[in-house]
Amino acid sequence: MHKLVLAGAALACGPLAAQTAPAKEHNAAYYAFRNTVDQKIPPDPSLPHFQLSHSYPARNPGTCKECTWLQLNVDFTVQFPPQVSPSRWHDGHWDEYLNRILQYVKQGQDPNLKNDVGFRTTVDGKTRWFNVPWMAYDPTAGREFIHGTTNERTAHLSNLINGRNRPVRGVNFLPLMSQGCEAEWPHGFETWAVGFYNEWGGYAVGKAFPATGEPHITSYQGSRMPDGLPFPEGTVVVKVLTTNAPVSCVSYLKNSPEWQIHRHAVDPKTKDYLCRREVQISRVVQVDVAVVDPRSPTRWVYGTFGYDADLPGDTFWDHLLPLGVQWGSDPWTFPAVPQQNGLPPQQTVLNPQINIFEHFGCERRLAGPVDNPQSSCMSCHGSAYAAPGGAVSTMGLNVPPSFGFDGMCVQYSLDNAAYFQNQQPPQHFPGGRFPDAYSLDTSLQLEVAFTQYGYFHTQHAPEACKDPNQF
Ligand code: HEC
């Protein structure tokens, strides 16, 4: 997924750089745990500054009393033939399941998730939320200094128009966009997002990446895997996603929190995104969650909320519309099996009361408004693996292709059968193509961390920024 860009990087790290920045600052720990990739920070005292939360708990915090959704009686079984009831969302308590996760996530947060407060990592005087290291390494997409967001891959409009099958996250033409906006924004909108792991997740992240900043690999059930994984019961992950789509293009974003994001400047003529970053306004559009639930066949449940201006209520949280949950990739559903043998999906439950968002991906598996409709939460996340030995992880080469491959969701194929499959650590990615890759237990942020560590380990310095419209 990343091409090597050597010339620029080599120049920037020549003797001059060595003189101004003492070499000792450039060890793994320095890069792993720094707050931001931004070198030039505007001297504006009114801007918030993101602080990486990385004092990871040293011990597994034990039973999670706050995880009340784990006590709900929800059904993870599949039936042959399927009996998918249209009232499963409510009668099966999935609405309540997501609601309880949201109540936990919003504890101690600002009612309007205001720009100057952002997402708080401390709740009731205790650090509840932790960040993944190594995400402030890559100058193209790495953490900006205000809210710690990183840039998701963006697609060219031409990719979409030509029907080229390159599913990405942050495709960035939002559902129900008003007319004319596509012409005005030929490169689409950028998604910048920031994720947080609670104490259980933070404990695992800290074992995988201890204070040295180097990954710690160990053995789990006879397979090599990062220490701390699989994530323990009690783990909750939340991710806040922003878009630069203006309200004039997407009216359901009216009054959603406006965050200052130090993101790619836009060329006023071509509307190209540039490597240069500027402080600009983005709006919170989506909140994703993921929890470990040992009853699930993948041990995970993924869920998503879309911001909806039309919902009643005074706070930001009141305007989050639950779109659905997913706990597996439905390996009995097309394209994991041929169309004529495919069953309706059973491992996704969508909120039936929604007509404003497109909220499903491949064959009505769950995906969010900023997601590519040919993928789904669990399928993309099920491909989270890392190359061993500190090598650079290259999707499709030594780790699975998370963002897509030819024919994704189009026809039955071995690639689709592998991508829309369920597995648990320490199992390898299905299909046998990547026998050496370590399972990352669905964490794609850990995959980013391993990839960036791989660049550090092999090239010793970050790559120069690449064209943000293409990467
Ligand atoms: C096509 C790929 C893709 C799809 C589909 C996708 N994600 Fe992700 N997701 C990513 C990547 C890449 C990251 C890591 C980078 C980041 O956080 O910016 C990520 C990060 C996350 C995280 C932070 C923890 C982690 O695993 O890294 C959560 C939680 C999450 N996604 C939830 C969801 C939910 C819920 C959905 C479906 C509504 C979803 N994702 C769909 C690619 C995807």
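Since every read-out is calculated from the coordinates, none of them should be taken as a lab result. The structure presented is a predicted model; accordingly, all values stated were derived computationally and were not measured. In this analysis, Cβ positions are derived from the backbone assuming ideal geometry, glycine residues included, and neighbour counts consider all displayed protein chains.
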Inset, instruction - Could you tell me the distance between the Cα centroids of the range 93-141 and the range 62-79, to the nearest Å? - result: 21
Inset, instruction - Provide the gained length on full extension for the span ILE41 to ASP124, in nm with one decimal, where the gain is 0.36 nm per separating residue minus the Cα-Cα distance. - result: 26.8 nm
Inset, instruction - Tell me what the chain gives for mean residue ellipticity at 222 nm when only DSSP H runs of n ≥ 4 count, each as -39,500 (n - 2.57), the sum divided by the residue total, rounded to 500 deg cm²/dmol. - result: -4500 deg cm²/dmol
Inset, instruction - For GLU184 and THR218, calculate 0.36 nm times their separation in residues minus their Cα-Cα distance, and state this gained length in nm to one decimal. - result: 7.2 nm
Inset, instruction - Set the Förster distance to 41 Å, then compute FRET efficiency between ILE354 and HIS460 from the Cβ-Cβ distance, nearest 0.05. - result: 0.25
Inset, instruction - Please give the length that would be gained between PHE76 and ASP318 if that part of the chain were fully extended, namely 0.36 nm times their separation in residues minus their C-alpha to C-alpha distance (nm, one decimal). - result: 84.3 nm
Inset, instruction - Sort SER251, SER329 so that the residue with the fewest other Cβ atoms within 10 Å of its own Cβ comes first and the one with the most comes last. - result: SER251, SER329
Inset, instruction - Taking just the C-alpha trace of the chain, give me its Rg and Dmax in Å. - result: 21.2, 69
Inset, instruction - Taking 7 Å along the Cα-to-C-beta vector as the label spot, tell me the ASP436-GLU96 distance in nanometres, rounded to one decimal. - result: 5.0
Inset, instruction - Find the lysine pairs in the range 6-459 meeting two conditions, Cα atoms under 17 Å apart and a separation of 8 or more places or different chains, and report how many there are. - result: 7
Inset, instruction - Sort out for me the Cα centre separation of the range 383-402 from the range 411-443, rounded to whole Å. - result: 11
